[in-house]
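I have placed the structure first, in the form of structure tokens, so that the comments after it can refer back to it.
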Amino acid sequence: MVHMPLLSIIIPAYNNSRYLSECVRSVLSQDFRDIEVIIVDDDSTDDTPAVINALALSDSRVRAVRHSTNQGTLAARATGVEQSHGTYAMFIDQDDALRAETLSRLIQASESDTADIYHFGVQVEAANPVAEQASAGMTAFLTPQPRTIRGEAILQTQFAESQGFDWHLHHKMFRANLLRSAYHAAAHTRLLLSDDLYMNFIIDSMADCYVALPKSPWYIYHLGRGDTLGATLTVPALHKIALRDAKALRLIRQFAEGPYAPNRGDWNNRIADVRDRLVEHTMNEWKDNLPGPEQRNGLHDILSIWEPDAVCGELYRYVRDAAYAYLQQVNISSPIALNHRLMALEYLHMAQDTELRFSSSHSSNLRYREMKDIAEQHLRDSGLFKNTAGQRKCSLPHWMRSLFSK
């Protein structure tokens with residue numbers, strides 16, 4: 001007879017055996033022991049299979065599952081969910097860990113407050129100096145606001161521009177039947193990184209109750225381990241990011257139009273929320289991590305993947321921020337103020353040139369309209385121009401003048 005544990009813990013693994021034993025031992029050493037640990041090897045080519053087999057031999061609660069071909073994180077997690085027997089289920093990344101007593105605290109929370117999703121916090125451990133600089137912001141992003149959300153408001157809240165909550169699948173415990181229904185409804189396709197957002201959208205749409213736990217930094221998130229944090233972004237890498245994000249949106253639209261989607265009247269608004277977050281992510285990668293000389297080609301590439309009004313909305317967001325920063329300067333002749341002024345005008349011209357690609361008066365993208373309105377108000381308030389419609393473009397660097405000349 002198969003043991004039916006209270007909690008299933010699913011760990012997708014691929015070509016990163018270095019930290020896997022540490023991860024699994026942090027689970028097996030927990031004081032709550034009614035668990036199964038399902039490690040799904042996504043056809044690794046290193047010694048990951050041997051490490052998993054050794055872990056399974058050392059503890060009967062560990063089960064090894066192996067894909068015959070590499071299928072990506074979405075499929076690996078789906079396999080783990082399909083193989084699970086628990087009443088509750090959760091995911092851990094192969095290079096992360098759990099603090100002591102995490103599982104007993106989660107089970108205690110489930111006994112006192114019935115929910116479909118239990119969201120707990122993180123303890124960020126920086127693996128390098130670049131990660132150290134990003135750790136505070138990541139901690140803030142991954143620390144949930146203690147609250148209970150019910151019904152349709154769960155999906156409405158998660159992807160809102162403000163007061164939302166992060167869309168990582170780890171550091172959440174789910175009612176297992178909810179996860180099984182969600183992965184059954186998901187597409188059987190290859191998806192990396194953006195699969196977290198995609199699956200959270202489906203899970204949220206099916207959930208009845210979400211609880212975020214206070215003072216719960218129990219998931220040890222190793223920032224900078226096994227990734228390219230701090231590496232210089234290239235246009236081909238940015239292209240992959242944009243394609244992944246765009247694919248996630250297509251899959252979300254397919255789900256909303258499919259037979260497993262719950263009946264609700266706000267699908268268009270919820271999809272728009274996700275679109276905004278995904279385009280925001282792509283554009284922030286472009287702005288923050290792509291070297292300046294490459295940004296022309298990078299923006300061209302993004303515009304071949306995303307709708308121009310969505311991209312334009314993010315450009316106006318940068319105008320808004322730079323113009324407001326300029327407006328707040330006491331000495332508008334200082335180098336800092338002049339830099340804010342230059343950036344506001346540069347992003348303004350990029351946004352105006354992007355508008356040549358679509359009919360701005362007919363765009364139904366509410367974020368684009370909102371960002372443009374606020375940006376133009378800040379520009380007027382700061383004296384950078386008096387009338388948007390009559391604004392004459394100032395001289396720009398050569399790469400910006402030729403941005404849309406191809």
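The values are calculated or read from the model by the stated rules, or taken from the named source; none is laboratory data. Model, not experiment: these values are computed from the prediction. Positions of Cβ are backbone-derived with ideal geometry, glycine not excepted, and every protein chain shown enters the neighbour counts.
If only one of 111, 125, 101, 82 is in the same structural domain as residue 151 (by TED's automatic domain parsing) and on the phi > 0 side of the Ramachandran plot, which one is it?
Selected residue: 101, the only one of 111, 125, 101, 82 that is in the same structural domain as residue 151 (by TED's automatic domain parsing) and on the phi > 0 side of the Ramachandran plot.
Is it the case that some residue within region 50-59 is touching a residue at least 40 places away in the same chain (Cβ under 8 Å), out of contact with any Pro (no Cβ under 7 Å at 6 or more places or on another chain) and not in a helix (DSSP H, G or I)? It would help to see each step written out before you state the result.
Applying the first criterion (touching a residue at least 40 places away in the same chain (Cβ under 8 Å)) to region 50-59 yields none.
No; the residues of region 50-59 include none that is touching a residue at least 40 places away in the same chain (Cβ under 8 Å), out of contact with any Pro (no Cβ under 7 Å at 6 or more places or on another chain) and not in a helix (DSSP H, G or I).
Between a residue in region 178-207 that is crowded, with 17+ Cβ neighbours inside 10 Å and any residue that is in a helix (DSSP H, G or I) and among the acidic types (Asp, Glu), which pairs come within a Cβ distance under 6 Å, given they are 6 or more apart or on different chains?
Matching pairs, first to second residue: 194/245.
Kindly provide the set of residues from region 2-31 that are over 16 Å from residue 58 (Cβ atoms), out of contact with any Ser or Thr (no Cβ under 6 Å at 6 or more places or on another chain) and polar (S, T, N, Q), ordered by number.
16
Kindly list, by first and then second residue, each pair from a residue in region 20-38 that is part of a helix (DSSP H, G or I) to a residue that is among the acidic types (Asp, Glu), limited to pairs with Cβ atoms under 8 Å and residues at least 6 apart or on different chains.
Pairs that qualify, where the first residue is part of a helix (DSSP H, G or I) and the partner is among the acidic types (Asp, Glu), are 20/95; 23/93; 23/95; 23/96; 28/59.
Just checking: which of the helices (runs of 4 or more DSSP H) contained wholly in region 102-214 hold 2 or more residues that are of a type in the set (A, V, I, L, M), under 24 Å from residue 31 (Cα atoms) and modelled with pLDDT of 95 or more?
Values: elements: 102-112, 129-142, 153-158, 176-185, 195-206.
Fully inside region 102-214 and qualifying: 102-112.
If only one of 55, 7 is over 15 Å from residue 79 (Cα atoms), buried (at least 20 other Cβ atoms within 10 Å of the Cβ) and in contact with a Gly (Cβ under 6 Å, 6 or more places away or on another chain), which one is it? Give the derivation first.
On the way: 55 fails: in contact with a Gly (Cβ under 6 Å, 6 or more places away or on another chain).
So the residue among 55, 7 that is over 15 Å from residue 79 (Cα atoms), buried (at least 20 other Cβ atoms within 10 Å of the Cβ) and in contact with a Gly (Cβ under 6 Å, 6 or more places away or on another chain) is 7.
Would you check if there is a residue in region 247-262 being in contact with a Ser or Thr (Cβ under 7 Å, 6 or more places away or on another chain) and either free of Cβ contacts under 8 Å to residues at least 12 places away in the same chain or among the β-branched types (Val, Ile, Thr) (or both)?
no
State whether the residues of region 377-394 include one that is under 19 Å from residue 280 (Cβ atoms) and either at pLDDT 95 or above or surrounded by fewer than 18 Cβ atoms within 10 Å (Cβ to Cβ) (or both).
yes
Can you find even one residue in region 218-238 that is touching a residue at least 12 places away in the same chain (Cβ under 8 Å), surrounded by 20 or more Cβ atoms within 10 Å (Cβ to Cβ), assigned to a helix (DSSP H, G or I) and not basic (Lys, Arg)?
yes
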